[in-house]
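**Student:** Mind having a look at this structure? Questions to follow.
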Amino acid sequence: MFFPIPSKSQHTFNCRMGFLSAVQRVILVIGSLVCLSLFPTASTLSQQRVQLSVDTAKPGARIDRNIFGQFAEHLGKGVYEGIWVGPDSKIPNTRGIRNDVVAALKAIKVPNIRWPGGCFADEYHWRKGIGSQRVVTLNPNWGGVTEPNTFGTHEFLDFIDQIGSEAYISVNVGSGTPQEAAEWLEYLTTSQQTTLAKERGANGHPAPYKIAYLGIGNESWDCGGNMTPEYYLSQLKIYSRFVRNFNPAQQDKQQMLKIAVGPGGAETRWTEWTESIMKAWQNHQWSWDMNGLSMHNYTVVRWPPAFASVGFGETEYSQILKSTLDMEGLINKHSAIMDRYDPQKKIALIIDEWGAWYAALPGSHPGFLAQQNSMRDAILAALNLNIFARHADRVRGANIAQMINVLQAMILTDKDKMVLTPTYYVFKMYVPFQDATFLPVTFTAETYTHGDITLPRVDAIAAKDATGKLWLEMTNIDPNSPVEIEISMNGLNAKSASGETLTAPKVDSVNTFEAPNTVTTKPVSAKFEGSKLSIKLEPKSVTVVSIDQ
Ligand code: AHR
């Protein structure tokens with residue numbers, strides 16, 4: 001939508017108010033307000049039209065579909081109730097796994113799921129979660145509750161299979177042994193008739209499983225054992241050597257990627273950590289290797305998490321979004337270190353824990369990390385996914401924390417009820433970007449200011465999918481004003497664009513079990529104006545369109 005520039009006579013007209021009656025003044029004030037909103041000044045007008053051009057001639061890296069990965073830890077209601085209800089539950093399920101959740105996750109094409117933790121992984125003993133007699137243990141990290149181990153290896157891999165995803169297994173380095181982890185992988189992957197393979201068959205899965213990723217420890221500098229880089233490196237070398245994948249189908253190109261523990265922030269101790277691991281890798285012997293370095297970065301502003309996940313205003317909206325943009329600097333910082341030791345970018349940076357971490361919902365168990373998910377989180381997700389896409393040459397995996405009922409979730413459940421969050425819709429809208437080729441985009445982001453916080457107003461990425469179709473994502477951070485975008489593409493005759501936009505009445509609008517569609521997508525299209533496509537982004541919105549040529 002375009003606004004005509006106000007004429008000089010309108011300004012003159014307003015200046016003569018002093019000579020008019022009170023009634024005429026009221027009419028004129030109302031008229032002026034209408035004029036102001038309908039006919040903004042030239043400077044407002046230029047602010048509202050963003051010129052965006054896509055350079056189709058300079059394709060970048062492939063946006064690895066694995067940046068849309070998920071994380072499911074044994075934590076709160078993330079696994080129990082969120083995924084697993086058991087075969088005897090009245091909640092519709094397939095072999096104990098809830099059908100509504102499976103259907104929702106299938107629709108967002110989850111590329112991989114990291115499991116069983118998190119901090120939980122370094123206390124997990126896989127044998128307690130197989131066979132007919134499960135061992136009840138404790139979950140000291142997350143509320144000290146009992147862990148029934150009814151959702152174990154086979155249940156996780158059944159779940160992965162039901163949603164068409166891949167397994168990212170984190171092995172226990174903190175309180176386990178290399179032997180325990182090595183036997184787990186033999187149990188999972190060998191096709192030969194070893195005792196462990198027979199046990200796997202007796203437990204219902206004679207064929208070897210495919211394990212796409214192996215996480216060697218979790219936050220080993222903290223909850224994973226408070227190790228020094230040197231100590232962790234000695235563990236990494238042993239686990240990398242002996243925890244083997246025997247699946248015949250994974251010995252070549254489909255090989256399992258080994259992910260080492262990486263940094264948890266920008267502090268010196270973490271730059272030293274990245275430095276140590278990468279330096280060791282550069283000089284590594286034949287007997288060990290790694291394919292990725294993990295990084296964890298939550299949007300939290302201050303510790304302990306104090307921001308409310310619902311019932312907040314524009315101040316908290318702008319503070320959280322400012323904080324989330326720190327992801328870019330963090331990736332730059334650690335990528336620069338990695339580039340020194342690995343200029344060919346063989347080692348992927350895998351951001352396998354990211355997302356917003358707010359105060360626990362009032363009345364919920366503080367150890368369960370339950371929070372609501374608002375329009376703010378949808379914008380936050382889009383901004384982070386765009387950062388990952390812009391670093392697609394190095395960032396080749398990411399796992400949002402966490403998939404269901406925990407932190408920045410895709411799905412919330414309450415017994416038999418399920419609701420999809422604003423973040424879920426963002427992941428759904430971004431499906432066309434999975435494995436698409438990044439295309440450079442230039443635009444003047446302009447600014448959005450609230451109080452002492454100034455942020456870029458607009459963000460955008462573009463990509464070309466395997467069929468050659470062009471996709472564009474545009475985010476309007478500004479919660480108060482729409483933004484008009486004029487899109488041009490070199491070398492392409494763009495005819496029209498259509499897709500979906502996600503917005504909501506308020507920055508803290510959420511979907512609840514009672515009102516599940518407050519934040520949901522609606523169709524949007526771009527008009528052809530002269531030689532450019534023109535599209536209006538609503539305030540606080542995430543928009544994805546495909547371009548018809
Ligand atoms: O996602 C919650 C926790 O955050 C994970 O268990 C841990 O790795 C991180 O500190």
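The values are calculated or read from the model by the stated rules, or taken from the named source; none is laboratory data. Just so you know, these numbers come straight off a predicted model, no measurement behind them. In this analysis, Cβ positions are derived from the backbone assuming ideal geometry, glycine residues included, and neighbour counts consider all displayed protein chains. SASA here: full protein model, heavy atoms, side chains in, ligands and nucleic acids out. Shrake-Rupley method; radii C 1.70, N 1.55, O 1.52, S 1.80 Å.
**Student:** Take the stretch 340-378 and flag every residue that is over 22 Å from V426 (Cα atoms), open to solvent by 10 Å² or more (accessible area, probe 1.4 Å) and not small (G, A, S).
**Tutor:** Answer for the stretch 340-378, where residues must be over 22 Å from V426 (Cα atoms), open to solvent by 10 Å² or more (accessible area, probe 1.4 Å) and not small (G, A, S): R340, Y341, P343, Q344, K345, K346, L361, P362, H365, P366, F368.
**Student:** Conditions: (1) in contact with a Ser or Thr (Cβ under 7 Å, 6 or more places away or on another chain); (2) within 30 Å of S364 (Cβ to Cβ). T454 meets all but one. Number of the miss?
**Tutor:** The failed condition is (2).
**Student:** Next up: Hey, can you tell me all the residues within the stretch 277-296 that are polar (S, T, N, Q) and open to solvent by 30 Å² or more (accessible area, probe 1.4 Å)?
**Tutor:** As a first pass, look at the stretch 277-296 and keep what is polar (S, T, N, Q): 282-283, 285, 287, 291, 294.
Those that are polar (S, T, N, Q) and open to solvent by 30 Å² or more (accessible area, probe 1.4 Å): Q282, N283, Q285, S287, N291.
**Student:** Report, by residue number, each residue of the stretch 216-272 that is within 15 Å of the ligand (Cβ to nearest atom) and over 26 Å from the mean Cα position of the chain (by Cα).
**Tutor:** Within the stretch 216-272, G225, N226, M227, Y232 qualify.
**Student:** Here is a follow-up. If a residue must be in contact with a Gly (Cβ under 8 Å, 6 or more places away or on another chain) and modelled with pLDDT under 95, how many such residues does the stretch 274-329 contain? Please lay out each step first, then the result.
**Tutor:** Filtering the stretch 274-329 down to residues in contact with a Gly (Cβ under 8 Å, 6 or more places away or on another chain) leaves 274, 277, 292-299, 315, 318.
In the following step, the residues that additionally are modelled with pLDDT under 95 were identified as none.
Total satisfying the criteria: 0.
**Student:** Look at L157 and say whether it is among the aliphatic types (A, V, I, L, M), more than 16 Å from the ligand (Cβ to nearest atom) and surrounded by 22 or more Cβ atoms within 10 Å (Cβ to Cβ).
**Tutor:** Values: among the aliphatic types (A, V, I, L, M): yes; more than 16 Å from the ligand (Cβ to nearest atom): yes; surrounded by 22 or more Cβ atoms within 10 Å (Cβ to Cβ): no.
Judged against the criteria, L157 is not a match.
**Student:** To continue, here is another question. Quick one: in the stretch 177-215, of everything that is open to solvent by 50 Å² or more (accessible area, probe 1.4 Å) and of a type in the set (A, V, I, L, M), which residue is nearest to the chain's Cα centre (by Cα)?
**Tutor:** So, considering only residues that are open to solvent by 50 Å² or more (accessible area, probe 1.4 Å) and of a type in the set (A, V, I, L, M), the one nearest to the chain's Cα centre (by Cα) is A207.
**Student:** Any idea how many residues of the stretch 448-476 are under 23 Å from K532 (Cα atoms), in contact with a strand residue (DSSP E or B) (Cβ under 6 Å, 6 or more places away or on another chain) and either of a type outside the set (K, R) or in a loop (DSSP other than H, G, I, E, B) (or both)?
**Tutor:** 15
**Student:** Specify which of the listed residues (A436, A445) is over 19 Å from F71 (Cβ atoms) and modelled with pLDDT under 95.
**Tutor:** Working: A436 fails: modelled with pLDDT under 95.
The conditions single out A445.
**Student:** Would you mention how many residues in the stretch 297-306 are more than 16 Å from the ligand (Cβ to nearest atom) and open to solvent by less than 30 Å² (accessible area, probe 1.4 Å)?
**Tutor:** The total comes to 0.
**Student:** Please determine, by comparing only the residues of the stretch 486-505 that are at pLDDT 95 or above and not acidic (D, E), which one is surrounded by the most Cβ atoms within 10 Å (Cβ to Cβ).
**Tutor:** L502
**Student:** All but one of (1) touching a strand residue (DSSP E or B) at 6+ places or on another chain (Cβ under 8 Å); (2) open to solvent by 70 Å² or more (accessible area, probe 1.4 Å) hold for K253, so report the exception by its number.
**Tutor:** (1)
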